[in-house]
Amino acid sequence: APAAPALVIRDLTAGYRGVPAVRGVTLEVAPGGIVALLGPNGAGKTTTLLAAAGLLTPLSGTVTALGSPVTGRVERTARAGVSLIPDDRGLFHRLTVAENLRLAGGRAELDEALDRFPQIRGLLKRRCGLLSGGEQQSLAIARTLMRRPRVLLIDELSMGLSPVAVQAILPTLRRLADETQLAIVLVEQHIDQALSIADSAVVLHHGAVALAGPAAALRADRDQIQRAYFGR
Ligand code: ATP
């Protein structure tokens, strides 16, 4: 039987001061699955992730993580193993790489994270703010993995990354999902690259789902994606 979904967002309406920014969004990700969350600026991708992480209480709809309802409760969401990497990555720029990692857990978790991102071993004494965009994103992911999440939400993965760095990090996420059954929701501007590692994709436009389906099918029909982006 297929595994129960790690995260289910059902019919989510959420926004700010009672004004919806997303309406009726449904999305689910299986253990070991990657969902690409796509759409133009202001489409509601960040809002969806904030609600999924329990940081924003929905106006209606539900969020279920590993079978438990966690809607609007960040402490429950975190306990259920849902972690969010915000688009600014939430790193402490004045601290060293080692100090940033030490804040997230103990030695065992650290060794595991460094095995997954070996390039970070050589950077431990560097000040975080001096790292490249790709190094910072790797550090942000490694640090979050130390909390042993079951669901990882990543906002704007490639913001501030060179094309080469994007090419390097996406396959790492795929391996992570395959090898550890981590479920990933990935907000990404590089549509083709995101679809090449994702299992499925959801395209938002003006706060609603404009298109959703298996990544392979969406890759095969670029026009469909273009239309969804522009809301036609
Ligand atoms: P971007 O790529 O620009 O971050 P996005 O798809 O992540 O876009 P959201 O950030 O979720 O989109 O924004 C959706 C809508 O909600 C936009 O119209 C935005 O202006 C509005 N919005 C976002 N944050 C707030 C806030 N804190 N207060 C009020 N409105 C907000």
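I'm trying to understand the selection: among the residues of the stretch 1-48, which are more than 15 Å from H205 (Cα to Cα), outside any strand (DSSP E or B) and open to solvent by less than 60 Å² (accessible area, probe 1.4 Å)?
Of everything in the stretch 1-48, those that are more than 15 Å from H205 (Cα to Cα), outside any strand (DSSP E or B) and open to solvent by less than 60 Å² (accessible area, probe 1.4 Å) turn out to be P5, A6, G18, A30, P31, G32, G33.
Being in contact (Cβ under 8 Å) with a residue 24 or more places away in the chain, among the charged types (D, E, K, R) and in contact with a Gly (Cβ under 8 Å, 6 or more places away or on another chain) is true for just one of D199, D192. Which residue is that? Let's see the steps before the verdict.
On the way: D192 fails: in contact with a Gly (Cβ under 8 Å, 6 or more places away or on another chain).
Only one candidate qualifies: D199.
Would you be able to say whether some residue in the stretch 141-155 is hydroxyl-bearing (S, T, Y) and closer than 26 Å to L66 by Cβ?
yes
Would you pick out the residues in the stretch 72-89 that are open to solvent by 40 Å² or more (accessible area, probe 1.4 Å) and on the phi > 0 side of the Ramachandran plot?
Hits for the stretch 72-89: nothing passes.
Within the stretch 49-71, restricting attention to residues that are away from the ligand (no atom under 16 Å from the Cβ) and open to solvent by 30 Å² or more (accessible area, probe 1.4 Å), which residue is nearest to R148 (Cα to Cα)?
Looking at residues that are away from the ligand (no atom under 16 Å from the Cβ) and open to solvent by 30 Å² or more (accessible area, probe 1.4 Å), I get L66.
Would you be able to tell me the number of residues in the stretch 207-230 that are modelled with pLDDT under 95 and touching an Asp or Glu at 6+ places or on another chain (Cβ under 8 Å)?
Of the residues in the stretch 207-230, 1 are modelled with pLDDT under 95 and touching an Asp or Glu at 6+ places or on another chain (Cβ under 8 Å).
What is the one condition in (1) closer than 30 Å to A4 by Cα; (2) modelled with pLDDT under 95; (3) out of contact with any Ser or Thr (no Cβ under 9 Å at 6 or more places or on another chain) that G72 does not satisfy?
Here G72 meets the rest and fails (3).
Yes or no: the stretch 125-143 includes at least one residue that is surrounded by fewer than 16 Cβ atoms within 10 Å (Cβ to Cβ) and among the polar types (S, T, N, Q).
Yes, that holds for at least one residue.
Which condition number does L204 fail, the rest of (1) aliphatic (A, V, I, L, M); (2) at pLDDT 95 or above; (3) away from the ligand (no atom under 15 Å from the Cβ) being met?
If we test L204 against (1) aliphatic (A, V, I, L, M); (2) at pLDDT 95 or above; (3) away from the ligand (no atom under 15 Å from the Cβ), just (3) comes out false.
From (1) within 16 Å of the ligand (Cβ to nearest atom); (2) under 26 Å from A4 (Cβ atoms); (3) within 13 Å of the chain's Cα centre (by Cα), pick out the condition that doesn't hold for E156.
E156 satisfies all of (1) within 16 Å of the ligand (Cβ to nearest atom); (2) under 26 Å from A4 (Cβ atoms); (3) within 13 Å of the chain's Cα centre (by Cα) except (2).
Cβ-Cβ below 6 Å, separation at least six or inter-chain, first residue in the stretch 203-227 and closer than 24 Å to P20 by Cβ, second open to solvent by 20 Å² or more (accessible area, probe 1.4 Å): which pairs?
Listed by first residue and then by second, the contacts come to V203/A210; V203/L211; H205/G231; G207/A21; G207/R23; A208/R23.
Among the residues of the stretch 179-232, write down those that are part of a loop (DSSP other than H, G, I, E, B) and open to solvent by 50 Å² or more (accessible area, probe 1.4 Å).
Correct list: Q181, Q189, H190, D199, H206, D221, F230, R232.
Among all residue pairs at least 6 apart or on different chains, which show Cβ distances below 7 Å where the first residue, located in the stretch 172-187, is touching a residue at least 12 places away in the same chain (Cβ under 8 Å) and the second is β-branched (V, I, T) and open to solvent by 10 Å² or more (accessible area, probe 1.4 Å)?
What qualifies is L173/I197; R174/I197.
The values are calculated or read from the model by the stated rules, or taken from the named source; none is laboratory data. Computed from a predicted structure; not experimentally measured. Counting neighbours? That spans all protein chains shown, and the Cβs are built from the backbone with ideal geometry, glycine included. Areas reflect the complete protein model, heavy atoms only, side chains present, ligands, DNA and RNA absent. Shrake-Rupley method; radii C 1.70, N 1.55, O 1.52, S 1.80 Å.
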